[in-house]
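So the structure is just underneath, and the comments pick up after that.
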Amino acid sequence: METFEDDLKAVVLQLFDIGALKFGDFKMKVGINSPVYFDLRVMVSYPPLMEKLANLVWTYAQHKGIKSTVLCGVPYTALPVATLVSVKSGLPMLIRRKEPKAYGTMKLIEGKFNPGEECLIIEDVVTSGGSILETANDLKKDGLVVKDAVIMVDREQGGIRNLTDNGINMHSILTLSKALSILLESGKLDQTKVDEVKAYIEANQIFPNGDLIPKS
Ligand SMILES: O=C(O)c1cc(=O)[nH]c(=O)n1[C@@H]1O[C@H](COP(=O)(O)O)[C@@H](O)[C@H]1O
């Protein structure tokens, strides 16, 4: 996994340089604010970066021995990477609509599959895991089985726990802590900022409904 680690480091530094990993004050989907934000939407403007992320995701999925026979990206940011993983792996892709089509087939899940088939979820960033659960629920409604999700960034705010509680194994190629260490080591961040973000993460473990997970 030596090349994997080198590629991951290069990805973190590039994300920082292109403004896809930023520090400030950002409102998150769950409704609380954060001093750090991963905006992976901008990766569509950097094809080599998208390709590197897709290679890391597929390498990691293989390393974890995932046996799914179809894959589905969480709309919308993960879709380009899911598409590249589909092409690279040969695994057919499914697309989950955020709203069912109001005409024609009225489907929520586009693509071919058999009931009982196992579907791998691909996601960009996980905070609480709520977005993965929404996609998994729609896939399950159509008879698919969801056991695994490979994600690009785990913000370490409760996602693993919330997904495990719902029977989904989350595998992340990068954690927020690791990104902070890489940036610190490369002189892009100072220790004060790293400590501030780490204290925030520790104090803000979140359920998908935005409630804080009580400390055990
Ligand atoms: O809003 C967020 O939590 C979030 C944080 C972040 O750093 N980057 C980011 O893209 N997000 C968005 O939040 C979603 C994940 O939040 P959860 O559904 O709480 O896991 C992602 O699909 C993104 O749309």
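Table for the structure above
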quantity: With Cα atoms, 0 to 90° folded angle of helix 130-141 axis to the chain main axis; calculated: 10 degrees
quantity: Pairs beyond 28 Å (Cα-Cα), from Lys27/Lys215; Lys9/Lys64; Lys98/Lys198; Lys29/Lys67; calculated: Lys98/Lys198; Lys29/Lys67
quantity: Leu212/Glu185 FRET efficiency (R0 25 Å; Cβ-Cβ; nearest 0.05); calculated: 0.20
quantity: Segment Leu108-Val194, length gained on full extension (0.36 nm per residue, minus Cα span); calculated: 26.8 nm
quantity: Sequence ranges 48-61, 28-41, 159-172, ranked by mean other-Cβ count within 10 angstrom, highest first; calculated: 48-61, 159-172, 28-41
quantity: Nearest 10 degrees, 0 to 90: helix 2-17 Cα axis against the chain principal axis; calculated: 70 degrees
quantity: Antiparallel bridge percentage (DSSP; both residues within the range 2-203; nearest 5); calculated: 25 percent
quantity: Accessible surface of the chain, 1.4 Å probe, proportion on carbon and sulfur as whole %; calculated: 52 percent
quantity: The chain: calculated mean residue ellipticity at 222 nm from DSSP helix runs of at least 4, using -39500 (n - 2.57); calculated: -12500 deg cm²/dmol
quantity: Check: the chain dipole with +1 on Lys, Arg Cβ and -1 on Asp, Glu Cβ, in debye; calculated: 600 debye
quantity: Rounded to 10°, Cα long-axis angle of helix 47-63 versus longest principal axis of the chain; calculated: 70 degrees
quantity: Tensor-based shape of the range 1-144 (alpha-carbon gyration tensor, a/c under 1.5 rounded, otherwise prolate or oblate); calculated: oblate
quantity: Gain upon complete extension [Lys147, Thr164; 0.36 nm per residue less C-alpha separation]; calculated: 5.2 nm
quantity: Charge dipole of the chain about the Cα centre (unit charges at C-beta), most positive-ward option of Thr69, Asn169, Ile201; calculated: Thr69
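The values are calculated or read from the model by the stated rules, or taken from the named source; none is laboratory data. Quantities reported herein were computed from a predicted structural model and do not represent experimental measurements. Glycine gets a Cβ as well: all are built from the backbone with ideal geometry, and neighbour counts include every protein chain shown. Just the protein is used for accessible areas: all its heavy atoms, side chains included, with ligands, DNA and RNA removed. Shrake-Rupley method; radii C 1.70, N 1.55, O 1.52, S 1.80 Å.
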